[in-house]
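What follows draws every value from the coordinates through simple rules; no lab data is involved. These figures come from a predicted structure and were not determined experimentally. All Cβ positions, even for glycine, are placed from backbone atoms using ideal geometry, and neighbour counts span all protein chains on display.
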There are 2 protein chains.
Amino acid sequence: MATTTWPYDPVPMTLSRTLAADLPAQVDAPVRVQGWLHRRRRLSAVAFAVVRDRSGLVQVVVKSPDTRALLDALGEETVVEVRGQCVANPQAPGGVEVVDPEIEPLGEPSATPPVELWRPELSVSLPTLLDQAATTWRHPARQAVWQLAAASLRGFRDTLSARGFTEVQTPKIVAGSTESGATVFTLDYFGRPAYLAQSPQFYKQTLVGVFERVFEVGPVFRAEPHDTVRHLAEYVSLDAEMGFVRDHRDVLETLRDTVAGMVEAVHAYAPREVQLTGAELPEVPAEIPVLHFRDALHLVGADPDEPDLAPEHERLLGEWGRREHGSDFVAIEGYPMVKRPFYTHPDPDEPRWSRSFDLLFRGLELVTGGQRLHRHSDYLAALQGRGEPLAPYATYVDTFRYGVPPHGGFAIGLERWTARLLGADNVRTATLFPRDLHRLAP
Amino acid sequence: MATTTWPYDPVPMTLSRTLAADLPAQVDAPVRVQGWLHRRRRLSAVAFAVVRDRSGLVQVVVKSPDTRALLDALGEETVVEVRGQCVANPQAPGGVEVVDPEIEPLGEPSATPPVELWRPELSVSLPTLLDQAATTWRHPARQAVWQLAAASLRGFRDTLSARGFTEVQTPKIVAGSTESGATVFTLDYFGRPAYLAQSPQFYKQTLVGVFERVFEVGPVFRAEPHDTVRHLAEYVSLDAEMGFVRDHRDVLETLRDTVAGMVEAVHAYAPREVQLTGAELPEVPAEIPVLHFRDALHLVGADPDEPDLAPEHERLLGEWGRREHGSDFVAIEGYPMVKRPFYTHPDPDEPRWSRSFDLLFRGLELVTGGQRLHRHSDYLAALQGRGEPLAPYATYVDTFRYGVPPHGGFAIGLERWTARLLGADNVRTATLFPRDLHRLAP
């Protein structure tokens, strides 16, 4: 290390930094801007530099030959400080620009990025988008995509916190697989086998016994051997579970409020990003239209013995919701018990049907939820009825010996949610660094 | 399943539920309470039932022989609904009680719990506390411990969101180990080896290149072969990273605001739990006293060539902070570069010292943070200087070719933070379901 010198970048503190978005309030004042050299345009008498910071873009007008020469030497993406005069210019983006600038790099000149970030549209293939994620997320349109997700997370937590839910953080390394049949990653845990949690399902139900109402935002892991646009090996699950419900309808009501809160948060915290991405935010109706599974099959003209809805059925049901109720959301309740996990609460009147639901958003499944069993004896019967051994679930099932209220919950996949807001086909485009069958980096 | 009946618990909806904490506003009105049968006391003419819900406890006075007989048949922890009259009684906890109750179980009678939750103090051994976590967390004093953690999480996020930080969610399954020397869990990833992330360090630095300021709350994994009171194999890390800093002092200032925000959130969202646990919340001084590592060694009378602070040194420095500055917090800056990771920014004037710090809270290390390298050439030199190959870090290091601003950050361990607020020795007591060398369940 002795051969390296460590030049310190002196930043005079006589003037505090102004973000690009705040410049309109500084017209005719000296300003100090910091960001990335997003774009350079050289004309004969003048050069324009566009600087990007976390709030947006600002145009810098360069006339001095020395500064123009410096600009020529600095590649796009070089981190710079610009000190100059802020002036109004209706032609400039944001209505202001910085003139008479001093430009100072705050590090080394950037190498040429693997993608052209300065173009208004980032036109790259999906593999490039994902392989070069560290760079491609810098594009304003890409940043905006994630800001929709980040705002949604705030909305999810704020809505549930305001309703008396307690945030929990449960282990991702577990001793057994969460749900039979699902694929699971295996781990070497100090010489013993362990697994990555496929969901916090068992823990959140256990914690209803403690806090009544809980939510968790965290990674879940599926060793998903399918290479589809809808599946990831690791994704962010927004989980909620609540006690003292009458049935799944109480859960659906909370889900409705939660989704509405997420949409509100996107409006409140990411209005610029909604514009940038062209995301079409839904209006969440005060009451989400609900169809029983049996009636849904009838409506789409499917065989009444079908155990599940096909994508085409979901699309038709989405159209029905829009046409009949003016709603982007439709809930289908009563899915057949045979297609639901063993902890699902059946309909007491017709035990063939469950007290669970799917929430369809614009004709695509977005959320699964429902009421769960809460009696210990029902758990024993449910496992026996499915010919499943008790042993792998013993700790979980044991919880229900000690008084767990009637309860239910739901889980929203963050990436799927964001992709749907954007009308994007592939959930990978809404994931910072996706993991799938083929992808373990970056 | 055909042999099972599914009795539905009818809950009359003529009256909405009142939480225990809200009963004082319902004096002399009929009320509907739902919760766990926390405690029963039978006297000759009357029986008392204490019902616990998420908000607290309420006393129910039972005189009717039928209801007393029912109460005798229901074990503690049975989930019940109580409908009765709310009356003022200064002797009762909370100043109110419910009289003339109808009591209805909302499920099966509870089995006898493995610990006596009705006792004011939960006096059990650590192994019992952890083995029976699903039950022991139900004790009001235990619930309160986690509520301190949950409120702290809100404070962490709210403080940083208000300062322009973007929440990120980065992968926990990674292709390489984050930091050389640290222990790492190995995973079978579709037939390839992969690892569990030991920290989001590389990702959060990469994302400073995108969003300038980021934070993440999520699990981190250490295959920690030490069985100590301070180490967990999985814990919740509160990470932040910010660009456009002058040096580590800017990072420390943000850390100060963040810790202050966490303390404020605990006051705001968990005042009852602060009382219940007796947690002594610190006052965070407007400016945290800072000592250089060199001066810290001198102050405690240690050898000036010591590369690290011993626990006894930290204790003495904590006393110094309290004595000289009336502060529970002391920051030690300038730790020797040899003891810090390769991405640490050295002090440009004396490259033997780093621009990193530890934050001591009441004489114990709570947070590590500092400025990181931001120039690509510095990364190459740093790895070379340590004789480390570039290849395992290539993707990460490559990021710095494309303009990353001077930046730094910090990480707070949630469980350690909560344990310190409580004055608890063992971080396991502040973890919902801890994972360590020996413990993989519940």
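Loop only by DSSP, 15 or fewer other Cβ within 10 Å of the Cβ. Give me the trypsin sites (Lys or Arg not before Pro) in the range B:114-196 that pass, ordered by residue number.
B:163
Within 10 Å of each Cβ in peptide A:141-150, how many partner chain Cβ atoms are there on average? Round it to a whole number, please. Walk me through the numbers before you get to the answer.
Values: counts 0, 1, 3, 0, 0, 7, 3, 0, 4, 9.
Partner Cβ neighbours, averaged per residue: 3.
Kirkwood Rh over alpha-carbon pairs of the range B:17-69, then Stokes-Einstein at 20 °C and 1.002 mPa s: what D in µm² s⁻¹, rounded to an integer?
Result for D is 183 µm²/s.
Which value results when the Cα radius of gyration for the range A:142-227 is divided by 2.2 N^0.38 Å? Intermediate results must be reported in sequence, preceding the final value.
Details: Rg = 15.6 Å, N = 86, 2.2 N^0.38 = 12.0 Å.
Normalised Rg, Cα atoms only: 1.31.
At q = 0.23, 0.25 Å⁻¹, what log₁₀ I(q)/I(0) does the range A:201-259 have when each alpha carbon counts as one equal point scatterer in the Debye sum?
The Cα Debye sum returns log10 ratios of -0.96, -1.02.
So what does the Cα-only Debye profile of the range A:83-156 read at q = 0.13 Å⁻¹, as log10 I(q)/I(0), no solvent term?
-0.65
With charges set only on the Cβ (+1 for Lys and Arg, -1 for Asp and Glu), what does the dipole of the protein assembly as shown come to about its Cα centre, in debye to the nearest 20? Before the final figure, lay out each step's value.
Values: 90 positive and 118 negative charges, 21 e Å.
Computed about the Cα centre, the dipole is about 100 debye.
Where in chain A are the DSSP H helices whose alpha-carbon span along the long axis reaches 24 Å or more and whose Kyte-Doolittle mean is at least -0.5?
Details: long enough: A:140-162 (32 Å, 0.00); A:248-269 (31 Å, -0.04).
Membrane-span-like by this criterion, though nothing is claimed about a membrane: A:140-162, A:248-269.
Separation between the residue A:322 and residue B:111 pseudo-spin-labels, each 7 Å from Cα along Cα→Cβ, expressed in nm?
5.2
When the Kirkwood radius is taken over all Cα pairs of the range B:14-166, what Stokes-Einstein diffusion coefficient follows at 20 °C and 1.002 mPa s, in µm²/s? Walk me through the intermediate numbers first.
Numbers: Rh = 17.0 Å.
Estimated diffusion coefficient is 126 µm²/s.
As a test of understanding, state the convex hull volume per residue of the protein assembly as shown from its alpha carbons, in Å³.
Working: hull volume 163.4 nm³, N = 884.
So the per-residue hull volume is 185 Å³.
With an 8 Å Cα cut-off and a minimum separation of 6 or more residues, compute the relative contact order for the range A:20-105 in percent. List each step's numbers first, then the result.
Working: 193 pairs, mean separation 29.9, N = 86.
Relative contact order, the range A:20-105: 35 percent.
Once label points are set 7 Å from the Cα along Cα→Cβ at both residue B:275 and residue B:364, what is their separation, rounded to one decimal in nm?
Rounded to a tenth, the inter-label distance reads 2.6 nm.
Would you mind working out the magnitude of the charge dipole of the range A:134-430 relative to its Cα centre, with +1 at each Lys and Arg C-beta and -1 at each Asp and Glu C-beta, to the nearest 20 Debye? Provide the component values of the computation, followed by the final result.
Numbers: 31 positive and 41 negative charges, 164 e Å.
In debye, rounded to 20, the range A:134-430 gives about 780.
Taking the Cα centre of the range A:311-360 as origin, sum charge times position over the Cβ atoms of Lys and Arg (+1) and Asp and Glu (-1), and report the length of that vector in debye to the nearest 20.
140
Under a GNM of chain A (C-alpha, springs under 10 Å), which listed residue has the highest mean-square fluctuation: A:159, A:183, A:67?
A:67
How crowded by other chains is B:56-66, given as the mean number of beta carbons from other chains within 10 Å of each beta carbon?
Values: counts 0, 0, 0, 0, 0, 0, 0, 0, 0, 0, 0.
Mean shielding by partner chains, rounded to a whole number: 0.
So what is the orientation-averaged projected area of chain A, using the convex hull of its C-alpha atoms, in nm²? If you can, show how the numbers build up before the last one.
Details: hull surface 111.3 nm².
Averaging across all directions leaves 27.8 nm² for the Cα convex hull.
Farthest toward the dipole's positive end in chain B, which of B:268, B:406, B:361, given Cβ charges of +1 (Lys, Arg) and -1 (Asp, Glu) about the Cα centre?
The residue sitting most towards the positive pole is B:268.
Give, in whole angstrom and from largest to smallest, the semi-axes √(5λ) of the equivalent ellipsoid of the range B:118-159, with λ running over the eigenvalues of the Cα gyration tensor. Spell out each step's value before the answer.
Details: eigenvalues 128, 24, 10 Å².
Ellipsoid semi-axes (Å, largest first): 25, 11, 7.
If we restrict to alpha carbons, what Rg and Dmax does the range B:255-381 come to, in Å?
Rg, Dmax (Cα atoms, Å): 16.6, 54.
If you build a Gaussian network model of chain A, linking Cα atoms that sit under 10 Å apart, which residue out of A:243, A:107, A:191 swings the most?
The residue with the greatest mean-square fluctuation here is A:191.
Under 5 Å between amide H atoms, partner at least 5 residues away or on a different chain: which partners does residue B:373 have, H built in plane at 1.01 Å?
B:344, B:345
Distances in nm, one decimal, shortest first, from residue B:127 to the same residue in every other copy, taking the label point 7 angstrom along Cα→Cβ.
Distances between equivalent label points, in nm: 5.6.
Based on the Cα gyration tensor of the range B:164-278, what are the three equivalent ellipsoid semi-axes, each the root of five times an eigenvalue, rounded to whole Å and given largest first?
Numbers: eigenvalues 162, 96, 34 Å².
Three semi-axes, in Å: 28, 22, 13.
Using a Gaussian network for chain A with springs between C-alpha atoms less than 10 Å apart, which of these wobbles most: A:372, A:68, A:256?
A:68
For the range B:20-105, what D do you get in µm² per second when you plug the Kirkwood radius from alpha-carbon pairs into Stokes-Einstein at 4 °C and 1.567 mPa s? Can you show the working numbers first?
Values: Rh = 12.4 Å.
Value of D from the Cα-based Kirkwood radius: 104 µm²/s.
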